[in-house]
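Since the structure comes first, as structure tokens, the remarks are kept for the end.
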Amino acid sequence: MKKYIAFLLILTMLLSACTSQAASLTGKWALVSYGPTESRTAAVPDADATLTFAEDGTVTGSGGCNSLGGNYTVDGDAVTFSDFTMTLMACDGALMEQEGAVTQVLSGIAQFEIKDGTLTIVNNGISLVLTAVTAE
């Protein structure tokens, strides 16, 4: 009986951890850095590169130059991006490099982690590090 209760307690904690991870992805996040996980580049200053994850499974934002939007689903620590669209303006080299990393990470299935108000999304060795944007 004690083993059964312990099993249920552990299962409940695991399920609640998955639920809180998914719920905490919702909100607005500002890009801090991007690039290969071992050598990230600071985000272009004043570029307003943000992602906003809505509860309805849509994500909108900007890589700093172009607007983007699409859908996302969460399964544990994996997030799957689909049906993405993006405007096609040309920007200076640094912004285009940053946008390239953003679009690469937001395609297909990526891994994510949220820790201390920081969201890290990694896809094929390229990462985005974002911080939570508080409502003003």
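For Ser24, the accessible surface of its heavy atoms amounts to roughly 40 Å² (probe 1.4 Å, protein chains only, rounded to the nearest 10). A simple spin-label model places pseudo-atoms 7 Å from Cα toward Cβ; at Thr134 and Asp46 they are separated by 2.5 nm.
Note on Ser67 and Asp83: their simple-model spin labels are 1.8 nm apart, each label 7 Å out from Cα toward Cβ. Relative contact order, whole percent, for the range 79-136 stands at 28, derived from Cα pairs under 8 Å and 6 or more residues apart.
The values are calculated or read from the model by the stated rules, or taken from the named source; none is laboratory data. Small disclaimer: the values here were computed from a predicted structure and weren't measured. Cβ coordinates were reconstructed from backbone atoms using ideal geometry, including for glycine residues, and neighbour counts include every protein chain displayed. Keep in mind that these areas ignore ligands, DNA and RNA; they rest on the heavy atoms of the full protein, side chains included. Shrake-Rupley method; radii C 1.70, N 1.55, O 1.52, S 1.80 Å.
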